[in-house]
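In what follows, a single structure is set out as structure tokens and then discussed.
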Amino acid sequence: MAVDLYIAVRVAADGPVPGPYSMLALGMATAGTFDGTTFTRHEPTTFHCELQPISAGFVPETLAATGLDRAGLARTGTAPAVAMRQNAAWLAEQAGRHDARPVLAGRTLGHDWMFTSWYHARFGTGSPLGTAAHLDLTTLYALRAGRPLHAVTGAEMTERLLGHRAPASHVLDDALEQAALLSALL
């Protein structure tokens, strides 16, 4: 029987789409495995990387929300091709460790999946996740809570499922929190 390994993902970017804008940070945390019947929570294993920008363009408000120093990342960030090779190797290691297929899960999955997938394709690693290996936590929560999707907020999910409000945003902290949210939902 096939087993899925759920991996929470969070991206910090300086604009709405990859290419004209840059992914500045990537955080991932393993949540657990699901065999179609049983979800087994695992102690999270994490991946975090801050990347060099790939373009000159950025949206000032979006960049400000990341809390990252774009100019500093241009000097000290990891080159995107190196970062994506490291991420692909980490994903393969986690999948092998659990004899499972990696599935990305996230609260803002459309955004995070788009950047992660595009960066993997653009910087030569191909997609280690395929095109359908993802789960949107907000949609899952809305269905379970009997609420319309547009009425659900991340703060509501965190407070209701974990009993507290989300801390200040950092991609790795967000990925760890989302792994806990997924565990609570499943």
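The values are calculated or read from the model by the stated rules, or taken from the named source; none is laboratory data. No experiment lies behind these values; they were computed from the predicted model shown. A quick note on method: Cβ atoms are made from the backbone with ideal geometry, for glycine too, and the neighbour counts reach across all protein chains shown. Areas reflect the complete protein model, heavy atoms only, side chains present, ligands, DNA and RNA absent. Shrake-Rupley method; radii C 1.70, N 1.55, O 1.52, S 1.80 Å.
Given the options Leu185, Leu149, name the one that is over 20 Å from Ala29 (Cβ atoms), touching a Leu at 6+ places or on another chain (Cβ under 9 Å) and aliphatic (A, V, I, L, M). Step through it out loud before you land on a result.
Values: Leu185 fails: over 20 Å from Ala29 (Cβ atoms).
Checking each option against the conditions leaves just Leu149.
Out of Gly27, Gly57, Gly19, Gly36, which single residue is at positive phi and touching an Asp or Glu at 6+ places or on another chain (Cβ under 9 Å)?
On the way: Gly27 fails: at positive phi; Gly57 fails: at positive phi; Gly19 fails: touching an Asp or Glu at 6+ places or on another chain (Cβ under 9 Å).
It is Gly36.
Report the residue count in region 69-89 for those that are β-branched (Val, Ile, Thr) and open to solvent by less than 70 Å² (accessible area, probe 1.4 Å).
First pass over region 69-89, keeping only residues β-branched (Val, Ile, Thr): 76, 78, 82.
Okay, now just the ones that are also open to solvent by less than 70 Å² (accessible area, probe 1.4 Å), so 78, 82.
Looking only at that region, the number is 2.
Only one of these is assigned to a helix (DSSP H, G or I) and of a type outside the set (Lys, Arg): Ala95, Ala25. Name it. It would help to see each step written out before you state the result.
Working: Ala25 fails: assigned to a helix (DSSP H, G or I).
On inspection, the qualifying residue turns out to be Ala95.
Which pairs do you get when a residue that is open to solvent by less than 40 Å² (accessible area, probe 1.4 Å), found in region 32-46, comes within reach of a residue that is charged (D, E, K, R), reach meaning Cβ atoms under 6 angstrom, with the pair 6+ apart or on two chains?
Gly32/Arg41
Only one residue in Ala133, Ala145 is surrounded by fewer than 17 Cβ atoms within 10 Å (Cβ to Cβ) and touching a residue at least 12 places away in the same chain (Cβ under 8 Å), so which one is that? First the steps, then the outcome.
Details: Ala133 fails: surrounded by fewer than 17 Cβ atoms within 10 Å (Cβ to Cβ).
Result of the check over Ala133, Ala145: Ala145.
Scan the helices (runs of 4 or more DSSP H) fully inside region 102-186 and keep the ones with 3 or more residues being in contact with a strand residue (DSSP E or B) (Cβ under 8 Å, 6 or more places away or on another chain) and among the aliphatic types (A, V, I, L, M).
Values: elements: 109-122, 137-145, 154-162, 171-185.
It comes to 171-185.
With respect to Pro20, is the statement that it is within 17 Å of Asp112 (Cα to Cα) and either of a type in the set (Val, Ile, Thr) or open to solvent by 60 Å² or more (accessible area, probe 1.4 Å) (or both) true? Walk me through it before giving the result.
Values: within 17 Å of Asp112 (Cα to Cα): yes; either of a type in the set (Val, Ile, Thr) or open to solvent by 60 Å² or more (accessible area, probe 1.4 Å) (or both): yes.
Answer is yes for this residue.
Looking at (1) among the hydroxyl-bearing types (Ser, Thr, Tyr); (2) without any contact (Cβ under 8 Å) to a residue 12 or more places away in the chain; (3) surrounded by 14 or more Cβ atoms within 10 Å (Cβ to Cβ), which is the only condition Thr66 fails?
Going through the list (1) among the hydroxyl-bearing types (Ser, Thr, Tyr); (2) without any contact (Cβ under 8 Å) to a residue 12 or more places away in the chain; (3) surrounded by 14 or more Cβ atoms within 10 Å (Cβ to Cβ), Thr66 breaks only (2).
Considering only region 49-84, how many residues are among the hydroxyl-bearing types (Ser, Thr, Tyr) and over 10 Å from Ala25 (Cα atoms)? Full working, then the answer.
From region 49-84, those among the hydroxyl-bearing types (Ser, Thr, Tyr) are 55, 62, 66, 76, 78; that's our starting set.
Retained after the next criterion (residues that are over 10 Å from Ala25 (Cα atoms)): 55, 62, 76.
Adding up the residues that qualify gives 3.
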